[in-house]
Amino acid sequence: MAPRLKLFLPLILFAMLAITLFRGLSLDPSEMPSALIDRPFPAFNLTGLGQSRPLSQADLEGQVSLVNVWATWCVACRVEHPYLNQLSQQGVPLFGLNYKDNDADAQRWLDELGNPYRFNIADRDGTLGLDLGVYGAPETYLVDATGVIRYRHVGVVDEGVWSALLEPLYQTLTEENDTQ
C-alpha cells in the first residue's frame, strides 16, 4: 500500500462506519421483525394487576385479540391510551401487559384514564416481555383465537395504524375464526 494511501485509511474507515450507522438509524422501528410471528404466545404464569389469581397464555385463547404492552413510565403509552379505550368500546378484545411497573401506579393510571383491558398481566420483572422480545413500550401483538401471534406493532396504536395495519388483519382472523 502506498504511503499516501495509508493516510486516508482512517478517513475511509470512518466513512464506512458513518454510512452503516446512518442506514441503521433510518430503519423504521415499527417494522422490526419478531421471531414469534406465527408461533404460540409464550408460556407464562403471572398474576393479574389487582388480582390474586394467576393468569396464563390459555387466558388469551378463544378469540382474536390484541395484547398491548404498556407502562405508566411510558410517555407514548399515554398518547395511545385514549384510542385503546375507543377500540375497547367498539368491542375489540384488549389485554394489557403492564411492563416493569409498579402495581399501585398502574392501577391509579387505569382508574384515572380508563381501563380498556379485559385483564392486565403484571410483568413486574419483565420476564414475559423478555420472552416476547419487547424492545420497549408500547408494543401491541395481534393474537389469533388459538393463541398464536400473527402480527407485532412497535409504537403507538392510533387510528391510522389501526385502520391501515391492524384492523384488516384483525377482521381477517375474526372471519376465519367465525367460519371454524
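The numbers here are math on the coordinates, done by the rules we state, and not lab data. Because the structure is a prediction, the values reported are computed rather than measured. Cβ: placed from backbone, ideal geometry, glycine included. Neighbour counts: every protein chain shown.
Assorted remarks:
- Yes/no for Ala164 being in a helix (DSSP H, G or I) and among the small types (Gly, Ala, Ser): yes
- Of all residues in the stretch 46-64 being of a type in the set (Ser, Thr, Tyr) and within 16 Å of Tyr99 (Cα to Cα), the one that is surrounded by the most Cβ atoms within 10 Å (Cβ to Cβ): Thr47
Rundown of residues vs (1) of a type in the set (A, V, I, L, M, F, W, C); (2) over 14 Å from Trp162 (Cα atoms), yes/no style:
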site: Ala58; (1), (2): yes, yes
site: Gln63; (1), (2): no, yes
site: Leu66; (1), (2): yes, no
site: Val69; (1), (2): yes, yes
site: Trp73; (1), (2): yes, yes
site: Val79; (1), (2): yes, yes
site: Tyr83; (1), (2): no, no
site: Val92; (1), (2): yes, no
site: Asn102; (1), (2): no, yes
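- All positions within the stretch 99-129 that are closer than 16 Å to Gln51 by Cβ, touching a Lys or Arg at 6+ places or on another chain (Cβ under 8 Å) and assigned to a helix (DSSP H, G or I): Asp103
- Scan of the stretch 75-85 for residues that are crowded, with 17+ Cβ neighbours inside 10 Å and either among the acidic types (Asp, Glu) or touching a Pro at 6+ places or on another chain (Cβ under 6 Å) (or both), ordered by number: Cys77, Glu80, Leu84
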